[in-house]
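Here the structure comes first, spelled out in structure tokens, and everything after it is commentary.
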Amino acid sequence: MKRAAVLFLASVATGGCVIADVTATRDAPGAVAREYASPTAFYAKSIVIQPGYETIRLPGIIADPLTPGGADYGDTETQTASVLGKIAAGLNSVGASEADVVAMTVYLVAPQPGAVMDFQGMMRAYGKRYGSESQPNRPVRSTVQVAGLVGPGMLVEIEVTAARKPRR
């Protein structure tokens with residue numbers, strides 16, 4: 001079916017479009033290529049995902065409250081650790097792992113009005129899971145300070161994209 005679609009498209013005037021032979025993705029894709037600015041960089045400088053990978057998107061994930069009723073979520077480091085644990089569980093539920101994460105967007109709220117985000121608190125938790133000896137892969141990452149999240153006391157929200165070789 002894919003081959004027929006390629007042949008059909010090849011017969012149409014494409015006006016600058018690029019046509020790829022999708023049959024090449026039947027073979028196992030090559031490795032995800034990650035480039036780092038240095039061996040100790042906390043995130044990738046670039047990532048190239050080979051054709052044939054499956055993409056997994058997890059929406060913005062927030063921490064679980066430390067107290068019943070959600071009155072306390074903890075500090076930035078505690079919330080980041082909670083969120084990253086939930087991300088690992090979410091990836092695991094679809095047969096992926098933290099090693100498959102290729103992109104991450106981190107939203108941080110300042111702990112007190114008028115203050116700045118606790119970037120170092122986020123990094124303490126992040127560094128235990130990404131770029132560690134047990135899991136050396138690091139995604140491309142953006143970290144931004146936002147005015148607020150969906151509820152009071154929430155300081156961290158993270159969304160991720162992962163890529164894995166297709167399950168056969």
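The values are calculated or read from the model by the stated rules, or taken from the named source; none is laboratory data. Computed from a prediction, not measured in an experiment: that's the story for all the values here. A quick note on method: Cβ atoms are made from the backbone with ideal geometry, for glycine too, and the neighbour counts reach across all protein chains shown.
Quick notes on this structure:
- No other residue among 124, 141, 168 is modelled with pLDDT under 95 and either closer than 22 Å to residue 39 by Cα or out of contact with any strand residue (DSSP E or B) (no Cβ under 7 Å at 6 or more places or on another chain) (or both) apart from 168.
- Region 27-69, residues that are within 29 Å of residue 166 (Cβ to Cβ), assigned to a strand (DSSP E or B) and of a type in the set (A, V, I, L, M): 33, 47, 48, 56, 58, 61
- Qualifying residue in region 63-72 (condition: at pLDDT 95 or above, under 27 Å from residue 146 (Cα atoms) and hydrophobic (A, V, I, L, M, F, W, C)): yes
- Residue-level check: of (1) free of Cβ contacts under 8 Å to residues at least 60 places away in the same chain; (2) farther than 20 Å from residue 136 by Cα, residue 58 misses just (1).
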